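Below is one structure, written out as structure tokens; comments come after it.
The values are calculated or read from the model by the stated rules, or taken from the named source; none is laboratory data. In this text the structure is predicted, and so the values were computed from the model without any measurement. All Cβ positions, glycine included, derive from the backbone under ideal geometry; neighbour counts span all protein chains shown.
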Amino acid sequence: MKRFFALFFTVMTVLALTGCGYNDFQRLDEKSKAAWSEVLNQYQRRADLVPNIVATVKGQAAFEQGTLVQVIEARAKATSIQATPELINNPDAFNKFQQAQGELTGALSRLMAVSERYPQLQANQAFRDLRVTLEGTENRITVARNEYIGTVQAYNVLVRSFPTNLTAKVFSYPPKPTFTVQNEAQISTPPTVDFSAPAAAPAKP
């Protein structure tokens with residue numbers, strides 16, 4: 001008991017003399033939540049585009065169904081995860097969410113690549129508009145992710161630095177998870193929109 005009171009007194013004294021950083025934690029915690037909300041908004045914006053993209057592509061009878069199935073399944077997986085503000089305090093849930101969004105990014109990229117082989121689809125104005133909207137959304141996602149990464153980096157530095165790390169322990173401010181660099185180039189690169197003359201459609205057997 002004496003050790004506990006001695007440690008508590010030491011912690012309180014250090015915080016009082018050097019500045020506990022409590023207000024900084026409050027500010028950065030709220031800022032990270034706001035940044036995360038924007039990430040979710042942009043991911044939802046992309047998810048909302050997928051049904052229209054799939055419906056437009058389905059109009060091409062010869063289009064590879066396997067590619068469409070991958071997009072549909074990836075969207076279902078990504079939207080099945082309950083992305084609440086508390087998710088940024090749960091590393092395991094955050095990683096699952098990040099993986100699911102990465103899979104949707106990959107599936108959409110493959111769909112856009114395959115679509116280049118269908119002249120009728122490339123000539124479809126609705127599809128062309130959806131591609132441009134998708135590209136803009138991917139750019140917005142990258143900006144939102146970068147804002148979140150920067151905010152969480154500042155927060156985590158505060159958590160790990162002395163003496164504010166003592167405040168983090170006393171008031172239960174754990175480090176927050178952030179986006180990993182795994183497949184970062186693929187995730188952050190928006191689909192290329194190329195409206196040049198497409199290649200001929202595959203010959204029917």
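Quick look at the values:
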read-out: Residue within the range 82-92 that is under 30 Å from residue 129 (Cβ atoms) and at pLDDT below 95 present; value: yes
read-out: Test for residue 88: is it under 28 Å from residue 153 (Cβ atoms), surrounded by fewer than 19 Cβ atoms within 10 Å (Cβ to Cβ) and in contact with a helix residue (DSSP H, G or I) (Cβ under 7 Å, 6 or more places away or on another chain); value: no
read-out: Test: residue 22 is modelled with pLDDT under 90 and among the hydroxyl-bearing types (Ser, Thr, Tyr); value: yes
read-out: Flag for residue 137 being part of a helix (DSSP H, G or I) and in contact with a Lys or Arg (Cβ under 6 Å, 6 or more places away or on another chain); value: yes
read-out: So residue 155, is it under 30 Å from residue 65 (Cβ atoms) and not β-branched (Val, Ile, Thr); value: no
read-out: The listed residue being surrounded by fewer than 16 Cβ atoms within 10 Å (Cβ to Cβ), of a type outside the set (Lys, Arg) and without any contact (Cβ under 8 Å) to a residue 12 or more places away in the chain, out of 23, 52; value: 23
read-out: Residues of the range 49-85 classified as outside any loop (DSSP other than H, G, I, E, B) and either of a type in the set (Phe, Trp, Tyr) or within 15 Å of the chain's Cα centre (by Cα) (or both), total; value: 7
read-out: Given (1) surrounded by 14 or more Cβ atoms within 10 Å (Cβ to Cβ); (2) closer than 24 Å to residue 148 by Cα; (3) touching a residue at least 40 places away in the same chain (Cβ under 8 Å), index of the condition residue 64 fails; value: (2)
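A quick yes/no check of all residues on (1) surrounded by fewer than 18 Cβ atoms within 10 Å (Cβ to Cβ); (2) among the hydrophobic types (A, V, I, L, M, F, W, C):
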position: 95; (1), (2): yes, no
position: 100; (1), (2): no, yes
position: 107; (1), (2): no, yes
position: 111; (1), (2): no, yes
position: 114; (1), (2): yes, yes
position: 122; (1), (2): no, no
position: 133; (1), (2): yes, no
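Table: residues versus (1) over 19 Å from residue 177 (Cα atoms); (2) in contact (Cβ under 8 Å) with a residue 60 or more places away in the chain; (3) not hydroxyl-bearing (Ser, Thr, Tyr).
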{"site": "70", "(1), (2), (3)": "yes, no, yes"}
{"site": "78", "(1), (2), (3)": "no, no, yes"}
{"site": "106", "(1), (2), (3)": "yes, yes, yes"}
{"site": "111", "(1), (2), (3)": "yes, no, yes"}
{"site": "122", "(1), (2), (3)": "yes, yes, yes"}
{"site": "127", "(1), (2), (3)": "yes, yes, yes"}
{"site": "131", "(1), (2), (3)": "yes, yes, yes"}
